[in-house]
1. Go through segment 167-184 and count every residue that is more than 10 Å from residue 23 (Cβ to Cβ), part of a helix (DSSP H, G or I) and open to solvent by 80 Å² or more (accessible area, probe 1.4 Å).
2. Out of (1) open to solvent by 50 Å² or more (accessible area, probe 1.4 Å); (2) over 18 Å from residue 20 (Cβ atoms), the odd one out for residue 193 is which?
3. Looking at segment 26-52, which of its residues are within 23 Å of residue 180 (Cα to Cα) and within 12 Å of ligand 2 (Cβ to nearest atom)?
4. All but one of (1) closer than 26 Å to residue 157 by Cα; (2) away from ligand 1 (no atom under 14 Å from the Cβ) hold for residue 78; which doesn't?
5. Examine segment 159-180 for a residue that is within 12 Å of ligand 2 (Cβ to nearest atom) and closer than 24 Å to residue 85 by Cα, and state whether such a residue exists.
6. Within the bounds of segment 35-50, is there any residue that is charged (D, E, K, R), away from ligand 1 (no atom under 16 Å from the Cβ) and under 27 Å from residue 117 (Cα atoms)?
7. Answer yes or no as to whether residue 170 is touching a residue at least 60 places away in the same chain (Cβ under 8 Å) and either over 25 Å from residue 72 (Cβ atoms) or of a type outside the set (Phe, Trp, Tyr) (or both).
Amino acid sequence: MYMTRKGILFIISGPSGVGKGTIKKAVLPRVGDLLESISATTRKPRINEEHGREYFFLTEEEFKTWIQQDKFIEWANVYSNMYGTPREFVIKKLEQGKDVLLEIDIQGALQVKATMPEGVFIFIAPPAIEDLVDRLCNRDQDSPESIAARLAASEKEMSYMPLYDYVVVNDDLEDAVTKTEAIIIAERCKISNLNMG
Ligand code: ADP
Ligand code: 5GP
């Protein structure tokens, strides 16, 4: 083939409860050939979560060792737990020309932006802050204190939106998934992402 393509790093980020995970799950089968990076975390697995599938579940000590060994592209303390993106998988796949998706918090996305600015940064925004309250409560996975902390952080987090390449407002879910899919497809067609030979 005379045209091959570099691997593209897509980053989906936004405030907690905005619908990042929901959009990611719906988009992955629709776009195809997009590899999901599996993060490491010190949070305890939820029911139905498996080590190596949703996350690599590490102890705090193990996580700190990974930091010392420079095994993360980025890592952050998100609501009292550590989360990080393992470096090796992402770099290897991008080098092989494969596209990789990260679904990470805003602190992490800003770190990736600093070291891998060629990534495609997609900010998922709520229609209104009140929607975050409803969604976090309906998701029923966080304590009232944890929900309060997530909401308190969200105002500051919204101020980072201008650093991203795209914003998708997650009002109607199907509409948000279609927009995210369209961004990925368009980026894959960019001439600047081709290796012309
Ligand atoms: P995040 O990964 O950003 O923390 P989730 O994907 O877990 O958020 O979504 C939070 C909650 O909001 C879930 O219960 C999900 O089903 C719901 N949700 C996601 N998108 C929408 C939407 N467009 N409208 C209403 N509820 C939504
Ligand atoms: P949860 O514990 O609900 O799975 O995720 C909590 C938050 O951590 C979400 O906002 C999610 O995007 C974020 N997160 C998941 N993996 C990573 C990661 O590797 N790095 C960073 N910085 N955040 C992550």
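The values are calculated or read from the model by the stated rules, or taken from the named source; none is laboratory data. All of these numbers come straight from a predicted model, not from anything done at the bench. Note: ideal-geometry Cβ built from the backbone for every residue, glycine included; neighbour counts use all protein chains shown. All accessible areas refer to the heavy atoms of the entire protein, side chains included, with ligands and DNA or RNA removed. Shrake-Rupley method; radii C 1.70, N 1.55, O 1.52, S 1.80 Å.
1. 1
2. (1)
3. Let us first name the residues in segment 26-52 that are within 23 Å of residue 180 (Cα to Cα), namely 26-39.
Listed by number, the residues that qualify are 36, 37, 38, 39.
4. Condition not satisfied by residue 78: (2).
5. Of segment 159-180, the ones within 12 Å of ligand 2 (Cβ to nearest atom) are none.
No: zero hits.
6. Of the residues in segment 35-50, the ones charged (D, E, K, R) are 36, 43-44, 46, 49-50.
Those left that are additionally away from ligand 1 (no atom under 16 Å from the Cβ): 44, 50.
Narrowing the set further to residues that are under 27 Å from residue 117 (Cα atoms) leaves none.
Checking segment 35-50: not a single residue is charged (D, E, K, R), away from ligand 1 (no atom under 16 Å from the Cβ) and under 27 Å from residue 117 (Cα atoms).
7. Taking the combined requirement at face value, the residue satisfies it.
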